[in-house]
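Scroll down for the structure; my scribbles are underneath it.
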Amino acid sequence: MHFTTLVSIGLFIVLLVALNFVSYRIMGGIIRNRRKKWDLNICCGKTDGGGVNVDIVKHAEIDNLVVVDDIYSLPFQTNQFEHTLCSHTIEHVEDPVAFFKELERISENVTLVVPPLWDLSAALNIFEHRSLFLTFRKEHHKLPPHTKLPLAAFFQEKLGQRIRA
């Protein structure tokens, strides 16, 4: 391989990492911190949203953590929450439409944070994500257009879906 090709590949990788950092850490943090307290923080990972925190796995010691088995039938009453944050979660689930309907059932206002198309390393993560959201925006209050992420089902069937916080 020529030196210029290696430099180009290296610069492309640095660009992908930088875009992912801007998308997830900076922009995602701005959205998460817009409210001092989220009534419900879905898929909290290691982040305390200030209200009820929900995940399928306990990643850390977090106040008011509820670990759930069935994301399509959450253990909450209809309109129990005023503001729900669902950050970097819906792209991982098998049925985004059913999951979003469940979020709308339990919350008056749902804020979705998804990987935008310009964040290629997140949007095309076939080892973790199941859906590709066809949007250049990170924040949504309705379910954005989406499709199954090509090859994700194949790789996740063979290797398992990677879950991390």
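The values are calculated or read from the model by the stated rules, or taken from the named source; none is laboratory data. This is a predicted model, so every value here is computed, not measured. Reconstructed Cβ throughout: ideal geometry from the backbone, glycine too, with neighbour counts over all protein chains shown.
Residue-wise test of (1) modelled with pLDDT under 95; (2) of a type outside the set (Val, Ile, Thr); (3) closer than 21 Å to Ile26 by Cβ.
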position	(1), (2), (3)
Thr78	no, no, no
Phe99	no, yes, no
Leu103	no, yes, no
Glu108	no, yes, no
Asp119	yes, yes, yes
Phe133	no, yes, yes
Phe154	yes, yes, no
Gln161	yes, yes, no
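Taking every residue in the stretch 139-165 that is closer than 21 Å to Asn109 by Cβ and pairing it with any residue that is in a helix (DSSP H, G or I) and not charged (D, E, K, R), at least 6 positions away or on another chain, the pairs with Cβ-Cβ distances below 6 Å are Glu139/Ile31; Leu143/Phe100; His146/Pro96. Here Val93 meets each of (1) surrounded by 15 or more Cβ atoms within 10 Å (Cβ to Cβ); (2) more than 25 Å from Gln156 (Cα to Cα); (3) not polar (S, T, N, Q) with one exception, condition (2).
Do the conditions hold for Gly45, that is, is it modelled with pLDDT under 90 and of a type in the set (Gly, Ala, Ser)? So Gly45 passes the test. Listed by first and then second residue, the pairs with beta-carbon distance under 9 Å, at least 6 apart or on different chains, first residue in the stretch 20-45 and under 23 Å from Glu82 (Cα atoms) and in a helix (DSSP H, G or I), second modelled with pLDDT of 85 or more and β-branched (Val, Ile, Thr), are Met27/Val113; Gly28/Val113; Ile31/Thr111; Ile31/Val113; Arg32/Thr47; Arg32/Val113. Can we say Leu65 is within 30 Å of Pro150 (Cα to Cα) and touching a residue at least 12 places away in the same chain (Cβ under 8 Å)? So Leu65 does not fit the description; no. Among residues that are outside any loop (DSSP other than H, G, I, E, B) and in contact with a strand residue (DSSP E or B) (Cβ under 7 Å, 6 or more places away or on another chain), Val66 is included.
If Thr84 passes every condition in (1) of a type in the set (Val, Ile, Thr); (2) at pLDDT 95 or above; (3) under 22 Å from Gly28 (Cβ atoms); (4) in a loop (DSSP other than H, G, I, E, B) but one, which one does it miss? For Thr84, the exception is condition (4). Just so you know, in the stretch 111-165 the residues that are out of contact with any Phe, Trp or Tyr (no Cβ under 7 Å at 6 or more places or on another chain) and β-branched (Val, Ile, Thr) include one that is surrounded by the fewest Cβ atoms within 10 Å (Cβ to Cβ), and it is Thr147. Residue count for the stretch 90-131, restricted to those that are within 24 Å of Pro75 (Cα to Cα) and outside any loop (DSSP other than H, G, I, E, B): 21. In the stretch 95-107, the residues that are within 16 Å of Pro145 (Cβ to Cβ) reach residues that are assigned to a helix (DSSP H, G or I) and not acidic (Asp, Glu) with C-beta atoms within less than 7 angstrom, at least six apart or across chains, in these pairs: Pro96/Ile90; Phe99/Ile90; Phe100/Ile90.
Being surrounded by 18 or more Cβ atoms within 10 Å (Cβ to Cβ) and in contact (Cβ under 8 Å) with a residue 60 or more places away in the chain is a description that does not apply to Ser87.
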